[in-house]
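Working notes, structure below.
Computed from the coordinates by the stated procedures, all read-outs in this text should not be read as laboratory data. Keep in mind the model is a prediction, meaning the values are calculated, not measured. A quick note on method: Cβ atoms are made from the backbone with ideal geometry, for glycine too, and the neighbour counts reach across all protein chains shown.
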Amino acid sequence: MTAPDQGDEVTRDAAALSTEIARIGVACSVETRDGLAVLLPVTSNLEAFQSAETRRAVIALARQHGFTHVAVELPNDHGGAGRDTDAPLLCD
């Protein structure tokens, strides 16, 4: 038996979650990885996630759609060669 807060695989609907998130002004697609909803936001919408209220609303919607966790996958724009925008990697 699954605990109520762990989500239910049968009720997880990434498309419906994406639609609901768009209704609060955050355009993104959603990928499902077990109980994790991975949000792939439109680059122009990244600012929306700066608001704590928006983040709380997204998490609440994800839970309503059967997900236990939410992650935001940031766009990877390597088209700007020569720009110093990548974070440095630590090496041993």
Here the net charge surrounding residue 61, from other residues whose Cβ is less than 14 Å away from its Cβ (Lys, Arg +1; Asp, Glu -1), is +2
Note on the range 4-72, DSSP bridge orientation, antiparallel percent to nearest 5 equals 60 percent
Neighbours of residue 39 by Cβ distance under 9 Å: Lys/Arg at +1, Asp/Glu at -1, summed charge -2
Residues 23, 12 in order from fewest to most other beta-carbon atoms within 10 Å are 23, 12
For the range 4-72, the dipole about the Cα centre with charges only on Cβ (Lys and Arg +1, Asp and Glu -1), to the nearest 20 debye, works out at 160 debye
One can check that the equivalent ellipsoid of the range 4-72, built from the alpha-carbon gyration tensor with semi-axes equal to the square roots of five times its eigenvalues, has lengths in Å, largest first, of 19, 12, 10
